[in-house]
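What follows is a short report on a single structure.
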Amino acid sequence: MAKILVVDRIENDIAVCENRRNKKIIEIQLSKLPEGVKEGTVIKYCMGKYSIDTETQNEIEKRIQEKMNGIWNN
């Protein structure tokens, strides 16, 4: 099963990421991640490889936008 992580912040050459399932924080060398990773990027770890997960990232952004719309439209 793939591990879904969100990049919380980047410090020097380390990406500080949160595991979406258990909320644990892990640190990953930027050199091990795909090019273009930045704060807020959703990455997937599967079969020993990291990749950017745009599908999950779009779902998360959509949910956040819907929540924000609910707040501002009340």
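Some points to look at:
- Placing a label point 7 Å from the Cα of CYS46 along the Cα-to-Cβ direction, the residues of the range 1-30 whose backbone N falls under 19 Å from that point are 1-7, 18-22.
- Calculated FRET efficiency, ARG63 to GLU39, Cβ-Cβ distance, R0 = 22 Å: about 0.75 to the nearest 0.05.
- Computed log₁₀ I(q)/I(0) - Debye formula, equal Cα scatterers, no solvent, the chain, q 0.18, 0.22, 0.28 Å⁻¹: -0.70, -0.95, -1.34
- For the range 7-74, applying the loop criterion from DSSP together with a ceiling of 11 other beta carbons within 10 Å to the GluC sites (Glu not before Pro) yields GLU35, GLU39.
- For the residues ILE52, ILE14, ILE43, a GNM of the chain with alpha-carbon springs under 10 Å puts the largest fluctuation on ILE14.
- Counting only protein heavy atoms and a probe of 1.4 Å, the accessible surface of the chain is 48% carbon and sulfur.
- Estimated dipole of the chain in Debye, rounded to 20 [Cβ of Lys and Arg +1, of Asp and Glu -1, Cα centre]: 320
- With DNA, RNA and ligands ignored, accessible area of SER31 (1.4 Å probe; Å², nearest 10): 110
- A straight Cα-to-Cα reach below 19 Å connects LYS44 with the lysines LYS3, LYS23, LYS24, LYS32, LYS62, residues fewer than 8 places away in its own chain not being considered.
The values are calculated or read from the model by the stated rules, or taken from the named source; none is laboratory data. All figures in this text were calculated on a predicted structure; none of them were measured in a lab. Ideal geometry is used to build each Cβ from the backbone, glycine not excepted, and the neighbour counts take in all protein chains shown. SASA here: full protein model, heavy atoms, side chains in, ligands and nucleic acids out. Shrake-Rupley method; radii C 1.70, N 1.55, O 1.52, S 1.80 Å.
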